[in-house]
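I'd like to ask you about the structure that follows.
The values are calculated or read from the model by the stated rules, or taken from the named source; none is laboratory data. Fair warning: this is a prediction, and the values are worked out from it, not measured in the lab. Here the Cβ positions follow ideal geometry from the backbone for every residue, glycine too, while neighbour counts run over all protein chains shown.
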Amino acid sequence: MDLDLGILGQQILNGLTIGSMYALIALGYTMVYGILQLINFAHGEVFMIGSFLGLGTLLGLEALHISLPIPLALLVAFVVAMAGAALLGMGIERIAYRPLRSSPRLALLITALGLSIVLQNAVMLLVGTEDRTYPEAFTEALIDGFDLGPIHISYQQLFTLGLALVLMVGLTVLVQRTRLGKAMRATAQDPVTAGLMGIESNRVIAYTFAIGSALAAAGGILFGLTYSINFFIGYQAGLKAFIAAVLGGIGNIPGAMLGGLLLGVVEALGAGYVSGTWKDVIAFGILVLVLIFRPSGLLGERVAEKV
Amino acid sequence: MPGPLLRGKAAMAVVFAVVLLLPHILRFMPQSDYLMDVAITTAIYVTLAIGLNVTVGLAGLLDLGYIAFYGLGAYAAAIVIHGGAAQAAVSGGPGFWVALPVALAVAAIAGLAIGLPTLRLRGDYLAIVTLAFGQIAKLSENNWDWLTNGPQGMEVAKPLLFGAELRSPYVLYYIIAVIGIVTWACVRNLNNSAVGRAWVAIREDEIAAGAMGINVPKMKLLAFMTGAAFAGLAGAFFASKSGFISPPSFDFIETIIILAMVVLGGMGSLPGVILGGIILAILPEFLRSLPSILQMEGSFDITPYRMLIYGGAMVLIMFWRPEGLLPEAHRRRELHPNLAEGERKPVGHT
């Protein structure tokens, strides 16, 4: 079989685009897991609500007859959605997780699931069950693109990849270079000792939820600019992003980025070269294989069991 | 006061009596067919909760793909009853009673197949691999048109007994009640045996259990297979009872609901998971009919808020009792060392 490099490149680009959305959501899973060892099942719903907040902002601007240039309007949407999602994430942590922090971890998993059902149904009651699309002015502005050799790059793809890159670099700087980042790393390593060193772990945890949720909301708007959205999108996207986080090594921030991009590319290649209906089977199959041979994920450290 | 052993026996006798007499009580209620359907669904969920409790509650292996075994059992039964692959032109296989053990075997083998490669995995990594297996199973059921008829689903014949089709919900109820009771009895006996103690030891500390001479891989595989086998039985019953199966019945969310039953009732505690299963299976139906019970029909429609309340109830119950409604004694002591109603404090553990 001769391989058309142009098509291959196109599939990889498509994969990286959806993969960068997975990665943005996966970061929230992995950051929370790194600190609390909790699978925050409500995180997918934060992504979904972020997407709706973005849509709501754009529609709100329209309804108020505030006509901003498209980039500025998008900026407003991103700011509102990310801030809203950050508050929501902190609220979720405060209400549903903090009171149970000393309980068995599965109890927390159940409150996370219960909360996810509540959020999903609350949104369903507010906006209904039908699919919604972002205003055409925005989706159409991004639909064009340019050719780079045999590969067609749409502005939407460029924008998604660019913004995801900026956010990931920003997060890396935040975690590696700032006092807050240092406190987050210390709390993840050993919450008790970090507390003894004067780090307010509750505040660090709240910020971690806020940052992860804001990133998911950004992913939500990027998703909404490409696909139609409804109250149920958080389920599938959350599942995929969670898998991406584990693939990279859960608790590991570069791992979540790598896992997300890899999952996107594998899916796109599976859809392009094998079959569209079996692409998810391929993605899940690869996840299983990776974990069987590297049980702590691609970049996860092997932690020796403490006896 | 009678001793706890006697109280336990008395409680069990009451539960048995209720299980056996339930159809005769529901028969006299309005909408008895609907109530029987709820009772049958509840019994299926309780069987599944008891099965998942073996894997998660006793052996401590978080299995997020549990519903796949239920689905495999259902499809295996459907194919046996059909007499071959869905789109092959055969029809009229050996029937429900042959399908039942086949479904059990298929699910148990699937449990072994998933258990073997995942022996090295721990905690959340195990959870995610089982989740992936569950998704693969569901997607295969959806895509493998030749075998399963894909998203259109498969028609399944009702169970036959002496040539008569068992359509009556009362008979179907007793079939699932027997399946549930057999599951309960097996798990109870395993739990009280060396196998059950080995599972609990592995759950508490895998390394220490291994050092004490427990064959950890063998016991883990046994836990996977036992849980899976009962899910397979329940799946075969579900297929034949509903007369139709399709992939959406075996979605990830179902695993989550069953897991919620186990955690809500009290992980590892058999009476607990049965109670958890009953509550979470009936709650949505109860909420559906609440307005008519309160004679407030028309003034307020609760249907859209049903799942909202359901999710909220899950959160609140966990706040109230994170160890579950009827926790295992051991776990209760761990969580409330000061409340140990006259029980000895655990030694060593803090």
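May I ask you to verify whether residue A:171 is within 14 Å of chain B (Cβ to nearest Cβ) and modelled with pLDDT of 90 or more?
Here the answer is no, as residue A:171 does not meet what is asked.
Of all residues in segment B:247-272, which are within 11 Å of chain A (Cβ to nearest Cβ), over 26 Å from residue B:329 (Cα atoms) and part of a helix (DSSP H, G or I)?
Within segment B:247-272, B:252, B:253 meet the criteria.
Let me confirm something: among B:119, B:126, B:131, B:104, which residue is farther than 27 Å from residue A:249 by Cβ and more than 7 Å from chain A (Cβ to nearest Cβ)? It would help to see each step written out before you state the result.
Numbers: B:119 fails: farther than 27 Å from residue A:249 by Cβ; B:126 fails: farther than 27 Å from residue A:249 by Cβ; B:131 fails: farther than 27 Å from residue A:249 by Cβ.
It is B:104.
Another one. Looking for whichever is more than 14 Å from chain B (Cβ to nearest Cβ) and under 17 Å from residue A:127 (Cβ atoms) here; the options are A:28, A:84. Which one fits?
A:84
Any idea how many residues of segment A:35-52 are in a helix (DSSP H, G or I) and either in contact with a Ser or Thr (Cβ under 7 Å, 6 or more places away or on another chain) or crowded, with 23+ Cβ neighbours inside 10 Å (or both)?
So the answer is 11.
I would also like to ask the following. Kindly check whether there is at least one residue in segment A:131-148 that is within 13 Å of chain B (Cβ to nearest Cβ), in contact (Cβ under 8 Å) with a residue 60 or more places away in the chain and closer than 21 Å to residue A:234 by Cα. Don't jump to the end; show me each part of the working.
Residues of segment A:131-148 that are within 13 Å of chain B (Cβ to nearest Cβ), as a first pass: none.
Within segment A:131-148, none of the residues are within 13 Å of chain B (Cβ to nearest Cβ), in contact (Cβ under 8 Å) with a residue 60 or more places away in the chain and closer than 21 Å to residue A:234 by Cα.
Scan segment B:178-195 for residues that are of a type in the set (Ser, Thr, Tyr) and surrounded by fewer than 19 Cβ atoms within 10 Å (Cβ to Cβ) and jot them down. Show your work before the answer.
Keep residues of segment B:178-195 that are of a type in the set (Ser, Thr, Tyr), which gives B:183, B:193.
Matches in segment B:178-195: B:193 only.
Sticking with this one: Could you please find all residues in segment B:247-258 being at pLDDT 90 or above and hydrophobic (A, V, I, L, M, F, W, C)?
Scanning segment B:247-258 gives B:250, B:258.
So, residue B:300, is that one at pLDDT 85 or above and over 21 Å from the mean Cα position of the chain (by Cα) or not? Quick ask: steps written out before the conclusion?
Values: at pLDDT 85 or above: no; over 21 Å from the mean Cα position of the chain (by Cα): yes.
Answer is no for this residue.
Can you spot a residue in segment A:68-88 that is more than 19 Å from the chain's Cα centre (by Cα), in a helix (DSSP H, G or I), of a type outside the set (A, V, I, L, M) and buried (at least 18 other Cβ atoms within 10 Å of the Cβ)?
The initial filter retains those residues of segment A:68-88 that are more than 19 Å from the chain's Cα centre (by Cα), namely A:68-73, A:76.
Filter once more, so that each one left must be in a helix (DSSP H, G or I): A:70-73, A:76.
Applying the additional criterion that residues be of a type outside the set (A, V, I, L, M) yields A:71.
From what is left, the residues that are buried (at least 18 other Cβ atoms within 10 Å of the Cβ) are none.
No, segment A:68-88 contains no residue that is more than 19 Å from the chain's Cα centre (by Cα), in a helix (DSSP H, G or I), of a type outside the set (A, V, I, L, M) and buried (at least 18 other Cβ atoms within 10 Å of the Cβ).
I'm trying to understand the selection: among the residues of segment A:77-98, which are of a type in the set (A, V, I, L, M, F, W, C), touching a residue at least 40 places away in the same chain (Cβ under 8 Å) and farther than 29 Å from residue B:254 by Cβ?
Just the residues of segment A:77-98 that are of a type in the set (A, V, I, L, M, F, W, C), to begin with: A:77-83, A:85-88, A:90, A:92, A:95-96.
Cutting the leftovers down to touching a residue at least 40 places away in the same chain (Cβ under 8 Å) gives us A:77-78, A:81-83, A:85-88, A:90, A:92, A:96.
Listed by number, the residues that qualify are A:77, A:78, A:81, A:82, A:83, A:86, A:87, A:90.
Might you check whether a residue that is assigned to a loop (DSSP other than H, G, I, E, B) and either at negative phi or surrounded by 20 or more Cβ atoms within 10 Å (Cβ to Cβ) (or both) occurs anywhere in segment B:132-145? Don't jump to the end; show me each part of the working.
Residues of segment B:132-145 assigned to a loop (DSSP other than H, G, I, E, B): B:144.
Pick out the ones that are also either at negative phi or surrounded by 20 or more Cβ atoms within 10 Å (Cβ to Cβ) (or both) and you get B:144.
Within segment B:132-145, one or more residues are assigned to a loop (DSSP other than H, G, I, E, B) and either at negative phi or surrounded by 20 or more Cβ atoms within 10 Å (Cβ to Cβ) (or both).
Conditions (1) under 16 Å from residue B:235 (Cβ atoms); (2) of a type outside the set (Ser, Thr, Tyr); (3) touching a residue at least 40 places away in the same chain (Cβ under 8 Å), marked per residue:
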| site | (1), (2), (3) |
| --- | --- |
| B:6 | no, yes, no |
| B:9 | no, yes, no |
| B:20 | no, yes, yes |
| B:30 | no, yes, no |
| B:35 | no, yes, no |
| B:51 | yes, yes, yes |
| B:71 | yes, yes, yes |
| B:85 | no, yes, yes |
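Does residue B:114 fit the bill of being over 24 Å from residue B:183 (Cβ atoms) and of a type in the set (A, V, I, L, M)? Break it down stepwise before answering.
Details: over 24 Å from residue B:183 (Cβ atoms): no; of a type in the set (A, V, I, L, M): yes.
The answer is no for residue B:114.
Can I ask one more? Could you tell me which residue of segment B:169-222 is farthest from residue B:268 (Cα to Cα), considering only residues that are among the charged types (D, E, K, R) and part of a helix (DSSP H, G or I)?
Keep residues of segment B:169-222 that are among the charged types (D, E, K, R), which gives B:188, B:197, B:203-206, B:218, B:220.
Next, only the ones that are part of a helix (DSSP H, G or I) stay: B:188, B:197, B:203-204, B:206, B:218, B:220.
Details: B:188: 11, B:197: 12, B:203: 10, B:204: 12, B:206: 17, B:218: 20, B:220: 15 Å.
Looking at residues that are among the charged types (D, E, K, R) and part of a helix (DSSP H, G or I), I get B:218.
Only residues that are at the interface with another protein chain (Cβ under 7 Å from one of its Cβ atoms) and buried (at least 19 other Cβ atoms within 10 Å of the Cβ): list them for segment A:119-130, please. So that I can check it myself, show each step before the final result.
Initially, segment A:119-130 is screened for residues at the interface with another protein chain (Cβ under 7 Å from one of its Cβ atoms), giving A:121-122, A:125.
Hit for segment A:119-130 is A:121, nothing else.
Hey, among the residues in segment A:99-118 that are surrounded by fewer than 19 Cβ atoms within 10 Å (Cβ to Cβ) and touching a residue at least 60 places away in the same chain (Cβ under 8 Å), which one's farthest from the other protein chains (Cβ to nearest Cβ)?
The selected residue is A:101.
OK, next. Please state which one of A:44, A:34, A:54 is more than 10 Å from every other protein chain (Cβ to nearest Cβ), in contact with a helix residue (DSSP H, G or I) (Cβ under 6 Å, 6 or more places away or on another chain) and over 30 Å from residue A:192 (Cα atoms).
On the way: A:44 fails: over 30 Å from residue A:192 (Cα atoms); A:34 fails: over 30 Å from residue A:192 (Cα atoms).
None of the others qualify; the one that does is A:54.
Among the candidates A:29, A:22, which residue alone is touching a residue at least 60 places away in the same chain (Cβ under 8 Å) and in contact with a His (Cβ under 7 Å, 6 or more places away or on another chain)? Steps first, please.
Details: A:22 fails: in contact with a His (Cβ under 7 Å, 6 or more places away or on another chain).
Answer to the selection: A:29.
While we're here: Please verify whether residue A:194 is farther than 30 Å from residue B:251 by Cβ and in contact with a Ser or Thr (Cβ under 6 Å, 6 or more places away or on another chain), treating the condition exactly as stated. Write out each step before concluding.
Details: farther than 30 Å from residue B:251 by Cβ: yes; in contact with a Ser or Thr (Cβ under 6 Å, 6 or more places away or on another chain): yes.
Considered against the rule, which asks whether it is farther than 30 Å from residue B:251 by Cβ and in contact with a Ser or Thr (Cβ under 6 Å, 6 or more places away or on another chain), residue A:194 comes out as yes.
Right, here's the next one. Check off (1) part of a helix (DSSP H, G or I); (2) at pLDDT 90 or above for residue A:130 and give me the number that stays unchecked.
For residue A:130, the failing item is (1).
May I ask you to list the residues in segment B:89-131 that are small (Gly, Ala, Ser) and buried (at least 20 other Cβ atoms within 10 Å of the Cβ)? Quick ask: steps written out before the conclusion?
Filtering segment B:89-131 for residues small (Gly, Ala, Ser) gives B:89, B:91-93, B:95, B:99, B:103, B:105, B:107-108, B:110-111, B:113, B:115, B:123, B:127.
Answer for segment B:89-131, where residues must be small (Gly, Ala, Ser) and buried (at least 20 other Cβ atoms within 10 Å of the Cβ): B:99, B:103, B:107, B:108, B:110, B:111, B:115, B:127.
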